[in-house]
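The values are calculated or read from the model by the stated rules, or taken from the named source; none is laboratory data. Small disclaimer: the values here were computed from a predicted structure and weren't measured. Neighbour counts run over all protein chains shown; Cβ positions are idealised from the backbone, glycine included.
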């Protein structure tokens, strides 16, 4: 195997890998490279415009009618052209799974609200709420001591 690293501040960054076959190592390299690309911004589509969304402004990603959306506030929802499982692999540790259809930015959650039925909702800074599934709640309790 040959490794070359060329540093040139004047050219666009590009990573090319010539491999004989896809291996777990190649999958991990691809994940790390793509994670770096999505770490700061992601393209969000609304009607006839494309907006670069900062990851720190996104409250949560959700799936509705088989489409993935990024929610950035009370009335700001942008279509994302990635599946939720693809996003989950690329997002940093600030994002946690709340249910089968929601991945949330834990820095935007201001409180957890318990319902009379025993369900728990995550309440975001904008006032939006999302229900946390029992399976994901158990994982959140283990990880963060809720």
> Under 6 Å by Cβ, and 6 or more places apart or on different chains, what pairs join a residue from the stretch 114-137 that is at pLDDT 85 or above with one that is surrounded by 19 or more Cβ atoms within 10 Å (Cβ to Cβ) and part of a loop (DSSP other than H, G, I, E, B)?
Replying inline: 124/59
> How many residues, within the stretch 89-106, are outside any strand (DSSP E or B) and surrounded by 13 or more Cβ atoms within 10 Å (Cβ to Cβ)?
Replying inline: 6
> Is it the case that some residue within the stretch 86-97 is closer than 26 Å to residue 48 by Cα, touching a helix residue (DSSP H, G or I) at 6+ places or on another chain (Cβ under 9 Å) and at pLDDT 90 or above?
Replying inline: no
>> Among the numbered criteria (1) surrounded by 12 or more Cβ atoms within 10 Å (Cβ to Cβ); (2) farther than 26 Å from residue 140 by Cβ; (3) at pLDDT 90 or above, which one does residue 51 miss?
In response: (3)
> Within the group 42, 58, 80, which residue is touching a residue at least 24 places away in the same chain (Cβ under 8 Å) and under 24 Å from residue 143 (Cα atoms)?
Replying inline: 58
>> Just to be sure before I move on: is residue 75 farther than 19 Å from residue 131 by Cβ and within 11 Å of the chain's Cα centre (by Cα) in the structure I sent?
In response: no
> Can you find a residue in the stretch 118-126 that is within 17 Å of residue 42 (Cα to Cα), in contact with a helix residue (DSSP H, G or I) (Cβ under 6 Å, 6 or more places away or on another chain) and in a loop (DSSP other than H, G, I, E, B)?
Replying inline: no
> Looking at (1) part of a helix (DSSP H, G or I); (2) at pLDDT 90 or above, which is the only condition residue 62 fails?
Replying inline: (1)
> Which one of 10, 75 is within 21 Å of residue 125 (Cβ to Cβ), assigned to a loop (DSSP other than H, G, I, E, B) and free of Cβ contacts under 8 Å to residues at least 12 places away in the same chain?
Replying inline: 75
> Is one or more of the residues making up the stretch 31-47 surrounded by fewer than 12 Cβ atoms within 10 Å (Cβ to Cβ), modelled with pLDDT of 80 or more and closer than 22 Å to residue 70 by Cα?
Replying inline: yes
